[in-house]
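For reference, the structure discussed in these notes is given below.
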Amino acid sequence: MNDYIIKCENLGFTYSENIEGETSAAEEIPALKNITLGIKRGEYLAVLGHNGSGKSTLAKLLNMILTPTVGKIYIDGVDITAEDFTEDDVFAIRRKIGMVFQNPDNQLVATVVEEDVAFGPENLGLPREEIRRRVNSSLALVGMQNYMRHAPHKLSGGQKQRVAIAGIIAMKPEVIIFDESTAMLDPLGRREVIEIMERLNREEGITVINITHYMEEAARADRVVVINDGELALDGTPKKVFSKVARLHSMGLEAPQGNELVLLLRDAGCRIDGDSLTEEECVETLYNFISKEKTI
Ligand code: ADP
Ligand code: MG
């Protein structure tokens, strides 16, 4: 078995049209440049980068919505950039790599939740009982089994996004790419979606790629990759990446708020130790610091 579920080698992509659809050589936009990146099976990866840095372009290349201008992509050891790649092969890759987008309204196709989740498996031509099993188990995984017969448009944003995720899970993908899937949700909806992402990763062994601009979300992943102007700028554990505060600032990003706060206190001369990537860690670090100060 291949250790790397995804491998990109010197990957580049240039849009040859501008967003309005006018073609002009002068307007070629290199969206991704020379990306070499390996993602291991079962990894929980966050991708960060300011607006327009190329994150969605990368997601679309991995899902074969776009074809690279240069470079190679291997999915599970298979070169998807090979000349002889057929329509069937593309279909197989899309089954393997599911995508959840920002706006749940654009992803729901049916008028009843269960039909929406069944849509993908039906297209695979699976037997009825298998479709039913997958619909039930997928809705249970996202905690929406009680909404099976509800109308998707009446659900909250977070619930809609969970139904969209169930529709992807029902295809049994190996990787799910969440492209800013929490950006339109309220804090509760965001938390629910993040919990599902993490459950899918830990309990179902699905490789999760969370493209996000929420630092606190990225801090929860096993690994963080930062893309800046189409190039891979940072890659490492959240602790390592978020310690490079000046570098993050120069790329228009911040470290998680707790981390920024503790680093500011350190700069101001406080002898404060410990991690502060998540709210919980920050509270613990500040608590320990204050307790220590009191006893001196
Ligand atoms: P991100 O998801 O990080 O915000 P994108 O991958 O969407 O970034 O965009 C990367 C660059 O490519 C940006 O400069 C953007 O304007 C450009 N771009 C994105 N989509 C298109 C498109 N369909 N046509 C032309 N340029 C595009
Ligand atoms: Mg994007």
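The values are calculated or read from the model by the stated rules, or taken from the named source; none is laboratory data. Owing to the predicted nature of the structure, the values given are computational and were not obtained by experimental measurement. With ideal geometry, Cβ positions are generated from the backbone for all residues, glycine too; neighbour counts draw on all protein chains shown.
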Here, strands (runs of 3 or more DSSP E) confined to the stretch 204-296 with at least 2 residues that are surrounded by 16 or more Cβ atoms within 10 Å (Cβ to Cβ), touching a Phe, Trp or Tyr at 6+ places or on another chain (Cβ under 9 Å) and on the phi < 0 side of the Ramachandran plot are 207-211, 223-228
Would the stretch 232-246 turn up any residue that is within 16 Å of ligand 1 (Cβ to nearest atom), under 24 Å from LYS60 (Cβ atoms) and touching a helix residue (DSSP H, G or I) at 6+ places or on another chain (Cβ under 7 Å)?
yes
Verdict on VAL113 being of a type in the set (A, V, I, L, M), more than 14 Å from the chain's Cα centre (by Cα) and over 17 Å from ILE165 (Cα atoms)
no
Within the stretch 29-75, work out how many residues are away from ligand 2 (no atom under 16 Å from the Cβ), among the small types (Gly, Ala, Ser) and on the phi < 0 side of the Ramachandran plot.
1
Could you count how many residues in the stretch 16-50 are assigned to a strand (DSSP E or B), modelled with pLDDT of 95 or more and of a type outside the set (S, T, N, Q)?
13
Residue set GLU293, GLU279, GLU217, GLU260; condition closer than 20 Å to ALA183 by Cα and out of contact with any Gly (no Cβ under 9 Å at 6 or more places or on another chain); output residue GLU217
Answer yes if at least one residue in the stretch 169-187 is under 14 Å from VAL109 (Cα atoms), more than 16 Å from ligand 1 (Cβ to nearest atom) and surrounded by 20 or more Cβ atoms within 10 Å (Cβ to Cβ), and no otherwise.
no
What are the residues in the stretch 42-96 that are surrounded by 18 or more Cβ atoms within 10 Å (Cβ to Cβ), touching a Pro at 6+ places or on another chain (Cβ under 7 Å) and more than 14 Å from GLU9 (Cβ to Cβ), if any?
LYS96
